[in-house]
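The values are calculated or read from the model by the stated rules, or taken from the named source; none is laboratory data. Remember, predicted model here, so these are calculated numbers, not experimental data. So basically every Cβ, Gly included, is an ideal-geometry build from the backbone, and we count neighbours across all protein chains shown. Surface accessibility is based on the protein's heavy atoms, side chains included, excluding ligands, DNA and RNA. Shrake-Rupley method; radii C 1.70, N 1.55, O 1.52, S 1.80 Å.
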Amino acid sequence: MTDQPPAQPSAINPSPTSAPPSPPPSGGGWRWVLLCVVIGAVVFGGGYWYFNKRQPAPEQQAQAATAPVLPVTVAKPLSQTITEWDEFTGQFEAVESVEIRARVSGYLDQIGFQDGQMVNKGDMLFVIDPRPFEITLKSAQSALNSANARLALAKQQLGRAETLRTKDFTSQATLDQRQQEMLSAAADAQVAQAAINSAQLNLDFTKIESPITGRIGRHEVSIGNLIMGGDTGETTLLTTIVSLDPIRLVFDMSESDYLAYQRRAAEGKMQSKREDLPVEAHLMDEKDWTLKGKMDFVNNAVDRSSGTIRARAVFPNPGLLITPGQFGRIRITGSEPHDAILIPDSAIVSDQSQKIVMTVDDKGKVVPKPIRPGPGYQGLRIVRSGLSKDDVIIIDGLLRARPGATVKPEQGKIEFPSEPAN
């Protein structure tokens, strides 16, 4: 048997001598496989040629098209010899502050001031009804007179006893008795005199005078009220007085600042903060340092809870503008005169934990430089390290500056603001 299909009858009889016709090939599937392989090879080759020959053309065109060079304002840092100042916030307090309380009890009879006025030392403020104390004083004076009379009698009797004793007309016991009577009468007279002094003192305490010069507060008790006085127990607060000229500014400085001052003072580079060191201050609504004063106190211990130490300066207040309790800013010298590099805060960029300024080299390329900024000084920022006075930094147009980019520098200038910033 054969797989060949049966031969179809032909209309033309073949020649007996010719070979029989060969069967049609059965490999049609291979032709399709070969055709697919050829098409795949053409597609792969075309893609390879496109990405390796034709693709760089747009990049080369992009490189050929030069990006626009953006302008920025540049300047060299300001180099100047300065003395640094350290600033602190403090609160004003009175040099003298007194709570006026009664020394004796009684009914309030008079008030000799207007609430809030200025009073001088010795001015009459309150009067407590003095009549009970006048009666007590008179009684004590009467007791003194009686004691003096007994003392005089005892002295006379002692004198007679001494005379009789010399003539042996009286006994020694009688003389001793007269001496003891005279001593007892003298002691009674002293007690009566002490009672008079106490009564006179209490009478004087009924008139309450101002112990200092300053501004008085409101009266806490009206006329007719009973005032509790005395040296112990609950006494009645009548009013308060605070002095205004001079006035103190109390502030806290950190332990590190205090230690730095101590080291500079020990090296002889700075005056000690415990001496009459000149300082400046201003109120919270002022910009200029209008107040000129001096340090007068630094505490003897650092506060454990806050890590700060309390200091104090005193300022004249002739116009009585400053009131105790107000807040103010104080600055004290923080260094000896030295050369410093100053730049505006607007030229400083924050990069995570670093502070950076953008510099421009000779070819106009932006080069970032990390710096260590210091405190402010008259509206500019002191640069401790990372920048030299010959560097060219970008002071305007930082948004157009990228590290490594080329910019068009336009010359500017760093100057102090017209009004120094706080």
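Working only within segment 257-286, note down all residues that are at pLDDT 85 or above, surrounded by fewer than 16 Cβ atoms within 10 Å (Cβ to Cβ) and not in a strand (DSSP E or B).
259, 284, 285, 286
For segment 371-405, give me the residue count where each residue is open to solvent by 80 Å² or more (accessible area, probe 1.4 Å), touching a residue at least 60 places away in the same chain (Cβ under 8 Å) and over 33 Å from the mean Cα position of the chain (by Cα).
Within segment 371-405, residues that are open to solvent by 80 Å² or more (accessible area, probe 1.4 Å), touching a residue at least 60 places away in the same chain (Cβ under 8 Å) and over 33 Å from the mean Cα position of the chain (by Cα) number 2.
In segment 327-345, how many are surrounded by 15 or more Cβ atoms within 10 Å (Cβ to Cβ), in contact with a strand residue (DSSP E or B) (Cβ under 7 Å, 6 or more places away or on another chain) and not aliphatic (A, V, I, L, M)? Before the answer, list the steps.
Restricting attention to segment 327-345, the residues satisfying the condition of being surrounded by 15 or more Cβ atoms within 10 Å (Cβ to Cβ) are 328-335, 340-344.
Next, only the ones that are in contact with a strand residue (DSSP E or B) (Cβ under 7 Å, 6 or more places away or on another chain) stay: 328-334, 340-344.
Retained after the next criterion (residues that are not aliphatic (A, V, I, L, M)): 328-329, 331, 333-334, 344.
Number satisfying all stated conditions: 6.
Out of the residues in segment 300-314 that are of a type in the set (S, T, N, Q) and surrounded by 10 or more Cβ atoms within 10 Å (Cβ to Cβ), which is farthest from residue 258 (Cα to Cα)? First the steps, then the outcome.
Just the residues of segment 300-314 that are of a type in the set (S, T, N, Q), to begin with: 300, 305-306, 308.
Narrowing further to those that are surrounded by 10 or more Cβ atoms within 10 Å (Cβ to Cβ): 306, 308.
Values: 306: 14, 308: 8 Å.
Checking each candidate, the answer is 306.
Mind checking whether some residue in segment 346-353 is at pLDDT below 90, within 25 Å of residue 286 (Cα to Cα), of a type in the set (Ser, Thr, Tyr) and surrounded by fewer than 13 Cβ atoms within 10 Å (Cβ to Cβ)?
Taking every residue of segment 346-353 in turn, at least one turns out to be at pLDDT below 90, within 25 Å of residue 286 (Cα to Cα), of a type in the set (Ser, Thr, Tyr) and surrounded by fewer than 13 Cβ atoms within 10 Å (Cβ to Cβ).
Looking only at segment 67-113, filter to residues that are open to solvent by 70 Å² or more (accessible area, probe 1.4 Å) and outside any strand (DSSP E or B); which one of those is nearest to residue 316 (Cα to Cα)?
Filtering segment 67-113 for residues that are open to solvent by 70 Å² or more (accessible area, probe 1.4 Å) and outside any strand (DSSP E or B), the one nearest to residue 316 (Cα to Cα) comes out as 96.
Can residue 241 be described as at pLDDT 95 or above and either within 30 Å of residue 292 (Cβ to Cβ) or surrounded by 13 or more Cβ atoms within 10 Å (Cβ to Cβ) (or both)?
Numbers: at pLDDT 95 or above: yes; either within 30 Å of residue 292 (Cβ to Cβ) or surrounded by 13 or more Cβ atoms within 10 Å (Cβ to Cβ) (or both): yes.
Against the criterion (at pLDDT 95 or above and either within 30 Å of residue 292 (Cβ to Cβ) or surrounded by 13 or more Cβ atoms within 10 Å (Cβ to Cβ) (or both)), residue 241 qualifies.
Need the failing condition index for residue 54 against (1) at pLDDT below 70; (2) open to solvent by less than 30 Å² (accessible area, probe 1.4 Å); (3) charged (D, E, K, R), just the number.
Every listed condition holds for residue 54 apart from (2).
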